[in-house]
1. Among the residues of segment 51-78 satisfying the criterion of being among the polar types (S, T, N, Q) and modelled with pLDDT under 85, which is farthest from residue 173 (Cα to Cα)?
2. Does segment 124-140 contain any residue that is under 16 Å from residue 70 (Cβ atoms), outside any loop (DSSP other than H, G, I, E, B), modelled with pLDDT under 95 and of a type in the set (A, V, I, L, M, F, W, C)?
3. Among the residues of segment 74-93, is there at least one that is in a helix (DSSP H, G or I), over 16 Å from residue 182 (Cβ atoms), in contact with a Cys (Cβ under 8 Å, 6 or more places away or on another chain) and outside the structural domain of residue 193 (by TED's automatic domain parsing)?
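The values are calculated or read from the model by the stated rules, or taken from the named source; none is laboratory data. This is a predicted model, so every value here is computed, not measured. Please note: Cβ atoms are built from the backbone with ideal geometry, for glycine as well, and neighbour counts cover all protein chains shown.
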Amino acid sequence: MSACVYSMRKTMPCTVYSKLKRLFELGCLYSGQILSFTKIIGQLQDAGNTTTLANYLKLLSDCRLLGGLEKYAGNVIRQRSSSPKFQVYNNALLTSQDDETYSAAIVNPKLWGRLVESSVGAHLLNHSVSERYNLYYWREGNNEVDFILEKGDKVIGLEVKSGASADNTGMGIFNEKFHPNKMLLVGTRGIPYEEFLKINPKELF
């Protein structure tokens, strides 16, 4: 990773590298969240246009630093035009920007939920490269499924829950709309996330 970043820093103009760096920092902070490029432009001064930001994000993903998951829709054009769901390849890139200790984070449901979902996402994203499956998210209105895995003609919907409740209407709606091969729950009332992180996702297909 460091070699890739060093290479970019040596070959890119300073202004371009600075914009790339700001996108990286913001994307890590929002790991596990969906954020449109339009909103990002509003937070990054002189960031360029949405196409430029998409190219920067691809560079960061090629370096295995920060990815941008596309929305699963069964339609390639719609996937490419969707807002990205930011996902770090290593959860340390998210926690390094937070001053919270482990003991404080684990009793903070919102923060802990973000950390758990991002860690599962990092696990899935890293293996998607070596195991050659596609990784998406799905959202329709307020209904969402955290991760969609696609390999060949097989599709798996996966939701991450870390709180007391495992209810999620999005899973049922996604199941009715796309008829995936599997719908999996990780965390509350599902596969313990500690165990899931030891599984090679290819075993799920």
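1. This residue is 52.
2. The answer is yes, given that some residue of segment 124-140 is under 16 Å from residue 70 (Cβ atoms), outside any loop (DSSP other than H, G, I, E, B), modelled with pLDDT under 95 and of a type in the set (A, V, I, L, M, F, W, C).
3. yes
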